[in-house]
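One structure below.
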Amino acid sequence: MANENQAKQPAAGVKLLRYGPKGQERPGLLDADGIVRDLSGILDDITPDTLSRESIARLAAMDPTSLHAVAGTPRFGVPVKGIGKIIAIGLNYREHAAEAKLEVPKEPVVFMKAVTALSGPDDDVIQPRDSVALDHEVELVIVIGKRAQYVTEEQAPDCIAGYATGHDVSERDFQIRRGGQWVKGKSADTFAPLGPYVLAGSALDATNLELWLSVNGEDRQRSNTNQMVFKPAFLVSYLSQFMTLEPGDVIYSGTPSGVGMGRKPPLYLTPGDVVTLGVEGLGVQRQKIVAWSQPA
């Protein structure tokens with residue numbers, strides 16, 4: 001885990017996470033050696049309040065070795081409890097717009113994902129009932145730490161608590177053929193894996209990060225956030241003109257080319273596939289695709 005999640009570039013800050021069985025997650029952080037440290041004696045949980053600049057500064061100033069080291073390799077959950085909105089940006093890389101045979105947008109294409117789509121970074125991705133076109137999208141996720149309403153691009157960085165790795169899982173048949181809004185193809189359970197952690201209070205340059213995704217060990221997506229049409233600060237400012245962004249809201253900022261829909265012929269995910277993805281300095285996710293089954 002230490003090698004996978006270690007940043008390639010120096011980036012001060014704190015890696016906030018939640019670990020443990022689903023529904024029983026505890027707050028923690030990942031130290032510089034890749035060791036999970038328990039924050040239960042300091043915090044009840046990682047919540048939107050934890051993302052304030054003051055809270056992050058206090059946590060970043062702590063000596064991680066003073067915290068209990070968690071044994072083994074615990075499951076990582078969604079790194080923030082109480083996320084209010086998942087906002088997503090479409091066609092934010094020129095090559096992805098080209099593979100989708102669509103023009104590069106003059107303004108950001110905005111859609112929403114249901115918060116019930118959130119899942120841990122290594123949890124199984126469930127192919128929904130009647131799904132025929134399950135697709136992958138690695139993305140940089142912006143995590144809001146301060147209320148943002150009508151902020152300028154210059155003010156926007158002050159509203160960003162940090163960044164995370166995200167997977168905008170998509171069902172193209174639901175998204176495109178079924179008509180209406182994209183949200184139908186973006187919101188099934190497990191369609192928004194997030195984490196393994198939020199890198200908060202960091203000097204990380206989010207406009208120059210490598211991101212990649214592979215399926216069963218085969219490279220499918222590989223790019224850099226410097227290829228984004230609209231950069232993170234602009235996106236936060238832009239979105240704040242249309243809705244109030246609250247601490248804990250997350251923005252999936254778009255995916256580069258290489259999605260299954262763009263292949264000739266299209267190449268979609270099927271049960272048994274293993275998807276591995278990451279963003280430089282923000283950790284790695286690994287998910288197995290499983291078929292939907294009737295809950296017991």
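The values are calculated or read from the model by the stated rules, or taken from the named source; none is laboratory data. Model, not experiment: these values are computed from the prediction. Heads up, the Cβs are rebuilt from the backbone with ideal geometry, glycines too, and the neighbour counts pull from every protein chain shown.
Which ones in region 16-33 are in contact with an Asp or Glu (Cβ under 8 Å, 6 or more places away or on another chain) and surrounded by 12 or more Cβ atoms within 10 Å (Cβ to Cβ)?
As a first pass, look at region 16-33 and keep what is in contact with an Asp or Glu (Cβ under 8 Å, 6 or more places away or on another chain): 18-19, 22, 25-28.
Correct list: Arg18, Tyr19, Glu25, Arg26, Pro27, Gly28.
Which of the residues that make up region 181-218 are modelled with pLDDT under 95 and out of contact with any Gly (no Cβ under 8 Å at 6 or more places or on another chain)?
Correct list: Gln181 only.
Being part of a helix (DSSP H, G or I) and among the aliphatic types (A, V, I, L, M) is the filter; apply it to region 30-67 and report the residue that is nearest to Cys159 (Cα to Cα).
Leu51
If you check Leu267 against the conditions, is it farther than 17 Å from Thr165 by Cα and either touching a residue at least 60 places away in the same chain (Cβ under 8 Å) or hydrophobic (A, V, I, L, M, F, W, C) (or both)?
Judged against the criteria, Leu267 is a match.
Cβ-Cβ below 9 Å, separation at least six or inter-chain, first residue in region 220-236 and more than 11 Å from Leu140 (Cα to Cα) and aromatic (Phe, Trp, Tyr), second in a helix (DSSP H, G or I) and modelled with pLDDT of 95 or more: which pairs?
Phe230/Tyr238; Phe234/Ala156
Free of Cβ contacts under 8 Å to residues at least 60 places away in the same chain, touching a Lys or Arg at 6+ places or on another chain (Cβ under 9 Å) and not in a loop (DSSP other than H, G, I, E, B) - does that describe any residue in region 91-113?
No, region 91-113 contains no residue that is free of Cβ contacts under 8 Å to residues at least 60 places away in the same chain, touching a Lys or Arg at 6+ places or on another chain (Cβ under 9 Å) and not in a loop (DSSP other than H, G, I, E, B).
I'd like to check something: does region 58-67 contain any residue that is in contact (Cβ under 8 Å) with a residue 60 or more places away in the chain and within 21 Å of the chain's Cα centre (by Cα)?
no
Report, by residue number, each residue of region 242-259 that is at negative phi and assigned to a loop (DSSP other than H, G, I, E, B).
Phe242, Met243, Thr244, Glu246, Pro247, Asp249, Ser253, Thr255, Pro256, Ser257, Val259
Can you work out which of the residues in region 212-241 that are assigned to a helix (DSSP H, G or I) and of a type in the set (Val, Ile, Thr) is farthest from Thr276 (Cα to Cα)?
First pass over region 212-241, keeping only residues assigned to a helix (DSSP H, G or I): 225-227, 232-240.
Next cut, of a type in the set (Val, Ile, Thr) only: 225, 236.
On the way: Thr225: 18, Val236: 28 Å.
Among those residues, the one meeting the criterion is Val236.
Could you check how many residues of region 114-128 are part of a loop (DSSP other than H, G, I, E, B) and more than 19 Å from Gln24 (Cβ to Cβ)? Quick ask: steps written out before the conclusion?
Going residue by residue through region 114-128, those that are part of a loop (DSSP other than H, G, I, E, B) are 114, 120-124, 128.
Among the residues that remain, those that are also more than 19 Å from Gln24 (Cβ to Cβ) are: 114, 128.
Matching residues across region 114-128 total 2.
Just one of the numbered conditions (1) modelled with pLDDT of 95 or more; (2) farther than 27 Å from Arg75 by Cβ; (3) not β-branched (Val, Ile, Thr) is not true of Pro247; which one?
(2)
Of the conditions (1) surrounded by fewer than 15 Cβ atoms within 10 Å (Cβ to Cβ); (2) in contact (Cβ under 8 Å) with a residue 24 or more places away in the chain; (3) not polar (S, T, N, Q), Gly72 clears all except one; give me its number.
(2)
Just to be sure I understand the filter: pairs with C-beta atoms under 7 Å, separated by 6 or more residues or on different chains, first member in region 143-168 and over 30 Å from Ile289 (Cβ atoms), second member modelled with pLDDT of 95 or more and aromatic (Phe, Trp, Tyr). Which pairs pass?
Partner pairs satisfying both residue conditions: Glu153/Phe234.
Could you tell me which of the residues Leu235, Leu277 is in contact with a Ser or Thr (Cβ under 9 Å, 6 or more places away or on another chain), of a type in the set (A, V, I, L, M) and closer than 24 Å to Asp49 by Cβ?
Just one listed residue meets the conditions, Leu235.
Residues that are surrounded by fewer than 18 Cβ atoms within 10 Å (Cβ to Cβ), at pLDDT 95 or above and assigned to a helix (DSSP H, G or I): does region 129-152 have at least one?
no
Just give me the residues in region 43-57 being surrounded by fewer than 18 Cβ atoms within 10 Å (Cβ to Cβ) and touching a residue at least 24 places away in the same chain (Cβ under 8 Å), in sequence order.
Asp45, Thr47, Asp49, Ser52, Arg53, Ala57
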